[in-house]
1. Evaluate the following for A148: is it closer than 30 Å to D27 by Cα, at pLDDT 55 or above, in a helix (DSSP H, G or I) and within 45 Å of the chain's Cα centre (by Cα)?
2. Filter the range 28-56 down to residues that are at pLDDT 90 or above and of a type in the set (D, E), then give me how many there are.
3. Would you confirm whether or not the range 152-166 contains a residue that is closer than 17 Å to R213 by Cα, in a helix (DSSP H, G or I) and either at pLDDT 80 or above or among the acidic types (D, E) (or both)?
4. Scan the range 186-207 and give yes if some residue there is among the hydroxyl-bearing types (S, T, Y), within 60 Å of the chain's Cα centre (by Cα), surrounded by fewer than 14 Cβ atoms within 10 Å (Cβ to Cβ) and at pLDDT below 70, otherwise no.
5. Taking the range 57-76 only, how many residues are surrounded by 13 or more Cβ atoms within 10 Å (Cβ to Cβ), part of a loop (DSSP other than H, G, I, E, B) and modelled with pLDDT of 90 or more?
6. Which condition does L87 not pass, out of (1) closer than 16 Å to P26 by Cα; (2) surrounded by 14 or more Cβ atoms within 10 Å (Cβ to Cβ), if it passes all the others?
7. Give the residues of the range 90-107 that are small (G, A, S) and exposed (fewer than 15 other Cβ atoms within 10 Å of the Cβ), sorted by residue number.
8. One residue is enough: does the range 39-53 have a residue meeting the conditions surrounded by 13 or more Cβ atoms within 10 Å (Cβ to Cβ) and under 18 Å from D27 (Cα atoms)?
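The values are calculated or read from the model by the stated rules, or taken from the named source; none is laboratory data. Please read these numbers as outputs of a predicted model, since none were measured by experiment. FYI the Cβ positions are ideal-geometry reconstructions off the backbone, even for glycines, and counts take in every protein chain you see.
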Amino acid sequence: MKHSPLVLLTWLFLLGAAPPTVTLTPDPPRLGVPLSITFTLEDAETTLAGLPDLGSLALLLPPQRVGHELRLLLMPMRGGEVTLPSLPLVRGSATQSATPLLTFEVIDDLPTDAALAPIRQRTTPAATQSWPVFLYTGIGALLLASGAIWLRWRRKLQQSPTPEGDALLATWQQQLAPHLATSSQARELYTEIERRRFAPPATDAAATLEQLRAAIAACLGEAP
């Protein structure tokens, strides 16, 4: 059986073509660690024709072509045996090839839930669900105390002097009334007595009365 020279040359080219070399980083691959796969191609004109289904390998970045290298950045999604299917390659519009089928073991050395349990217990913050109860209790106690103080102060404002004290203050006002038109001191004392009649009782009421008594005596003695 005879073959044409073109067929013989094609067979020689295919038999002499070396498959792309492959580099894995890290090697061996590990679960949860980005995996870089680099194919070293024969020439810079060979390009990736497309991407098949990568299975349990997630593509992190678009494939990159740098010189004679085709680079993939993947993330293994499960441990154990993982297969990267052949990737179709094209050179110009006539020659097509593919990368070799890759099967490798992904090391799963991530801590299990049982191993992480003690760490989670140490790092879990203390429960803070009970602090609003203390906050609301404190606010309620503060409001009650403020209300009691306000009511006590209001009752003091509404209190008037004792009948004896009020009668004495009224008598002094009557004594000062004839001198209001001519004596500024009489007017000041009259106003002060009026204020004290309706003000909360002073703690030093006796001393205050004695001071008023002396001031009124001096005023009436000086008044014409």
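1. No, not satisfied.
2. Looking only at that region, the number is 1.
3. So far as the range 152-166 goes, yes, one or more of its residues are closer than 17 Å to R213 by Cα, in a helix (DSSP H, G or I) and either at pLDDT 80 or above or among the acidic types (D, E) (or both).
4. yes
5. Within the range 57-76, the first condition is being surrounded by 13 or more Cβ atoms within 10 Å (Cβ to Cβ), and the residues that meet it are 57-58, 63, 65, 68-76.
Narrowing further to those that are part of a loop (DSSP other than H, G, I, E, B): 63, 68.
Then keep just the ones that are modelled with pLDDT of 90 or more; that gives 63.
Qualifying residue count, the range 57-76: 1.
6. Of the numbered conditions (1) closer than 16 Å to P26 by Cα; (2) surrounded by 14 or more Cβ atoms within 10 Å (Cβ to Cβ), the odd one out for L87 is (1).
7. Of everything in the range 90-107, those that are small (G, A, S) and exposed (fewer than 15 other Cβ atoms within 10 Å of the Cβ) turn out to be G92, S93, A94.
8. Checked against the condition, which is being surrounded by 13 or more Cβ atoms within 10 Å (Cβ to Cβ) and under 18 Å from D27 (Cα atoms), the range 39-53 yields at least one hit.
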